[in-house]
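Chemist: Below is a structure I'd like to ask you about.
The values are calculated or read from the model by the stated rules, or taken from the named source; none is laboratory data. Bear in mind that the values here come from a model prediction, so they are computed numbers and not experimental data. Note: ideal-geometry Cβ built from the backbone for every residue, glycine included; neighbour counts use all protein chains shown. These accessible areas exclude ligands, DNA and RNA; they are computed on the full protein's heavy atoms, side chains included. Shrake-Rupley method; radii C 1.70, N 1.55, O 1.52, S 1.80 Å.
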Amino acid sequence: DFDRQALLYVPRGLGDPGGPAFAERLIDSVWPLIVANRGRAFVLCTTLRMVERLSGLIADRIAQSGEAFVLLRQGASTRAELLERFRAETAPILVGSASFWEGVDVQGQQLSLVIIDKLPFAPPDDPILRARGEAARAAGRDPFRTLHLPSAAMALKQGAGRLIRSENDRGVLVVCDERLAEKTYGRSLLRSLPPFRRTRDATEVLDFLKALESAH
C-alpha cells in the first residue's frame, strides 16, 4: 500500500542542481530528516564527485551535532562490506552512486529514508549517448523524449526501488530536484515511480518519520 506506507518528498528552494552551493542547500534540507530517522538512510548520488561532496558535508554535520551516526561512503570499502556494515549499525548513513541504485536489498526499518540528489539524466558529453541522439535527430525524433527521458525514468525507478522492499516496509523517498515537481516532463518521470503519496511540506515528512519511529 504505497500511498499509506511511503512518502515522496520534493523539497522546495533547492534551485538548479548544477548551480553553486546546491550541495549545501541539499544537506540543509535533508539533515533534519536524517536526524528524525536516526540515520538508516541511503544518499544516492548521480556522480562520484557528488558522493565526495555530500560525504564531506555529512561528516561535518555529524561532528558538529555530536549525533552517533556511522557514515559509510562508496569507495571506502567494497559494496558487500559497506552493505554488511549498514545492516549491522544502529544509525548508518550510506552515500553511494550508481552501484547502489540497483541490486541492493535492505528490508525493514533499517533502510527507511532514501535521498536522491538529482534526476539521473546521463551526462551530455557521453559519447555513446551523443551518437544515439544524433541518430535519433537524423531520423526525425526528439532525442530528449526518446532517449534521455526514458533512460532517466528507468534509473530513477531503480533508485526509488531501494526503499520499499517488502509489504511491511515504510519510509520516505526524497528527490532533491525541483524539476520533478515543476517541469512538464516531471509527470513522465513520476509515472515511472510507485504511487507514493506526494508532498512538498517538510513538516509532513518529519511527522511521518516520527510516527514510524513511535510505531517501532
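Chemist: With the checklist (1) within 12 Å of the chain's Cα centre (by Cα); (2) aliphatic (A, V, I, L, M); (3) under 27 Å from SER214 (Cα atoms) in hand, flag the one item ALA63 doesn't pass.
Modeler: The one condition ALA63 does not meet is (1).
Chemist: If you don't mind, another one. For the range 51-70, does any single residue satisfy the condition of being among the aliphatic types (A, V, I, L, M), assigned to a strand (DSSP E or B) and within 24 Å of ILE164 (Cβ to Cβ)?
Modeler: Yes, the range 51-70 has at least one match.
Chemist: List the pairs whose first member sits in the range 100-118 and is touching a residue at least 12 places away in the same chain (Cβ under 8 Å), whose second member is polar (S, T, N, Q) and open to solvent by less than 10 Å² (accessible area, probe 1.4 Å), and whose Cβ atoms are under 8 Å apart, counting only residues at least 6 apart or on separate chains?
Modeler: Every condition considered, the pairs that remain are SER112/ASN37; LEU113/ASN37.
Chemist: Also, quick follow-up: Kindly provide the set of residues from the range 102-124 that are buried (at least 18 other Cβ atoms within 10 Å of the Cβ), touching a Gly at 6+ places or on another chain (Cβ under 8 Å) and part of a loop (DSSP other than H, G, I, E, B), ordered by number.
Modeler: Listed by number, the residues that qualify are LEU111, SER112, PRO120.
Chemist: Sticking with this one: Quick check on this structure: which one of PHE86, PHE42 is touching a strand residue (DSSP E or B) at 6+ places or on another chain (Cβ under 8 Å) and in a helix (DSSP H, G or I)?
Modeler: Residue meeting the stated conditions: PHE86.
Chemist: Please determine whether any residue of the range 144-162 is part of a loop (DSSP other than H, G, I, E, B), among the polar types (S, T, N, Q) and touching a Leu at 6+ places or on another chain (Cβ under 9 Å).
Modeler: no
Chemist: Quick check on this structure: which one of GLY66, GLY96 is under 19 Å from SER112 (Cα atoms) and either of a type outside the set (A, V, I, L, M) or open to solvent by 80 Å² or more (accessible area, probe 1.4 Å) (or both)?
Modeler: GLY96
Chemist: For the range 27-38, does any single residue satisfy the condition of being of a type outside the set (S, T, N, Q), open to solvent by less than 30 Å² (accessible area, probe 1.4 Å), in a loop (DSSP other than H, G, I, E, B) and closer than 19 Å to GLY171 by Cα?
Modeler: Checked against the condition, which is being of a type outside the set (S, T, N, Q), open to solvent by less than 30 Å² (accessible area, probe 1.4 Å), in a loop (DSSP other than H, G, I, E, B) and closer than 19 Å to GLY171 by Cα, the range 27-38 yields no hits at all.
Chemist: So, in the range 148-180, exactly how many residues are of a type in the set (Lys, Arg), open to solvent by 30 Å² or more (accessible area, probe 1.4 Å) and closer than 15 Å to SER97 by Cα?
Modeler: 1
Chemist: Just give me the residues in the range 181-196 being open to solvent by 50 Å² or more (accessible area, probe 1.4 Å) and either farther than 19 Å from LEU163 by Cβ or over 16 Å from the mean Cα position of the chain (by Cα) (or both), in sequence order.
Modeler: Correct list: GLU182, LYS183, THR184, ARG187, ARG191, PRO195.
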